[in-house]
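Contents: one structure, followed by commentary.
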């Protein structure tokens, strides 16, 4: 079940349109409907409130102004473990400098075309 704090992908006309975070879900005046406040994760950020049934919050398609909309929860990214099986992301370990741990960025792989 999708709930407060979840990140969702919103589909418009069966195509991914944007990501949003569910900030609140409150009962609406209409029975079995809810006011769902979404923070749309675009630049600039936008907040909208949609009045939806529970099944719409959980992925059943619905329409707005004749256009099909669907909300799909986004699964958290899995954390890769290093060869020793720790829960830290897989990356080289770097010795601390001035009491701080330095975590290097992974360098992107160069295309064969770029090297020519």
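The values are calculated or read from the model by the stated rules, or taken from the named source; none is laboratory data. In this text the structure is predicted, and so the values were computed from the model without any measurement. Cβ: placed from backbone, ideal geometry, glycine included. Neighbour counts: every protein chain shown.
Points to keep in mind about this one:
- Index of the failed condition, residue 42 passing every other in (1) at pLDDT below 65; (2) closer than 22 Å to residue 5 by Cβ: (1)
- Scanning segment 27-34 turns up no residue that is surrounded by fewer than 10 Cβ atoms within 10 Å (Cβ to Cβ), part of a strand (DSSP E or B) and at pLDDT 95 or above.
- Restricting attention to segment 55-70, the residues that are in contact (Cβ under 8 Å) with a residue 40 or more places away in the chain, over 14 Å from residue 5 (Cα atoms) and outside any loop (DSSP other than H, G, I, E, B) add up to 4.
- As for segment 35-50, it holds no residue that is surrounded by fewer than 14 Cβ atoms within 10 Å (Cβ to Cβ), in contact with a helix residue (DSSP H, G or I) (Cβ under 9 Å, 6 or more places away or on another chain) and within 28 Å of residue 77 (Cβ to Cβ).
- Whenever a residue of segment 25-39 is without any contact (Cβ under 8 Å) to a residue 12 or more places away in the chain, its partners that are surrounded by 14 or more Cβ atoms within 10 Å (Cβ to Cβ) and outside any loop (DSSP other than H, G, I, E, B), lying with C-beta atoms within less than 7 angstrom and at least six residues away or across chains, give the pairs 26/34; 26/35; 27/34.
- Test: residue 51 is more than 18 Å from the chain's Cα centre (by Cα), modelled with pLDDT of 95 or more and not in a loop (DSSP other than H, G, I, E, B): yes
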